[in-house]
Amino acid sequence: MVQKLLETIGIDLSNGARITELDRFQEQFREYKIVVYLGLSCDNSMFAGQVDSTRRFNILYVYIKRHYHVIANLTAAVARRYVFKSCHKSCARDVTHACDQTCSDCLACHPCAFADVRIHCLECNRHFRSQTSFANDKQSTKQNRSVCEAKQCCAMCGWFVTRGNHECNKRYCDNYKENKEIVHLCNMRHLKVVLPPPPPTR
């Protein structure tokens, strides 16, 4: 079946698949967007098909072995919760992702156009560049929450809030696992006072 497909498309893979062959595959299967990654960091894509499709075909190219592998589950492969389909990069949290391919206001895959007046949302206390961006703010993210619920600004201090334990003029410290004063500095987690176990008795 594969050989018949290659003959129909007119592709010769005796010397491997290069960008030229990937372009031919993409032209044949325009209902899928083919994305080829170099390594599992998901920060370097060697090929991304120029088609407008939400269905993706993700491939990993191992340069040492010069071999392509199909990625069945992209987020599991890169050990990240999110991979943005616009820039093909992974991130730990979708609401904190920023790139030139997404709208910084509503996280839409293509940046929304700017209007003459900024629209204020009373629910999340943020401003939006257009009516379209304001409407996208109410759409659900992958966590089944709207962007409006996930991205908010504190009405008291104006601080960008992504966690439920926000306190004004404080920020969350990953080392202490609690809110600390903004001037709080720490380079590493404090050692716990734990006594060594007693030697075994004979």
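We did not get these values from a lab; they are worked out from the coordinates using the rules stated. This one's a predicted model, so the numbers in the text were calculated from it and none came from an experiment. Glycine gets a Cβ as well: all are built from the backbone with ideal geometry, and neighbour counts include every protein chain shown.
Go through 6-15, 116-125 and give me the packing order, highest mean Cβ count within 10 Å leading. Display every interim value, and only then the final one.
Details: 6-15: 10.2, 116-125: 12.7.
Packing order, densest peptide first, comes out as 116-125, 6-15.
Rounded to whole Å, the principal axis extents of the Cα atoms in region 94-168 read 33, 28, 20, largest first.
Would you mind ranking Tyr82, Tyr32 so that the residue whose beta carbon has the fewest other beta carbons within 10 Å leads the list? Don't skip to the end; give the middle numbers.
Numbers: Tyr82 20, Tyr32 17.
Listed from fewest to most nearby Cβ atoms, that is Tyr32, Tyr82.
Explain nothing, just the number: relative contact order of region 94-168, from Cα pairs under 8 Å at least 6 residues apart, as a whole percent.
Details: 104 pairs, mean separation 16.5, N = 75.
Across region 94-168, relative contact order equals 22 percent.
Distances between placed amide hydrogens fall under 5 Å for Phe47 paired with Val36, all partners being 5 or more residues away or on another chain.
Projecting the Cα atoms of Tyr37, Ser14, Phe25 onto the dipole axis of region 1-92, where Lys and Arg carry +1 and Asp and Glu carry -1 at the beta carbon, places Tyr37 farthest toward the positive end. Under 5 Å between amide hydrogens, built in the peptide plane, is the criterion, and for Gly39 it picks out Tyr61 among residues at least 5 positions away or on other chains. If the segment from Tyr172 to Asp12 were pulled out straight at 0.36 nm per residue, it would be longer than the present Cα-Cα gap by 52.0 nm. Amide H contacts under 5 Å for Ile71: Asn58, Ile59, Leu60, restricted to partners 5 or more places along the chain or on a different chain, H placed in the peptide plane at 1.01 Å from N. Note on Met46, Met156: ascending count of other Cβ atoms within 10 Å places them as Met156, Met46, the fewest first. Helix 19-28 against the longest principal axis of the chain: what's the angle in degrees, Cα atoms only, rounded to the nearest 10? It works out to around 80 degrees.
How big is the dipole moment of region 94-168 about its Cα centre under a simple scheme where the beta carbon of each Lys and Arg is +1, that of each Asp and Glu is -1, and everything else is neutral? Debye, nearest 20, please. The partial results should precede the final answer.
Values: 8 positive and 8 negative charges, 20 e Å.
For region 94-168, the charge dipole is close to 100 debye.
In which sequence would Arg81, Arg126 go, from the one with the fewest C-beta neighbours within 10 Å to the one with the most? Walk me through the intermediate numbers first.
Working: Arg81 13, Arg126 19.
Taking fewest neighbouring Cβ atoms as first place, the list is Arg81, Arg126.
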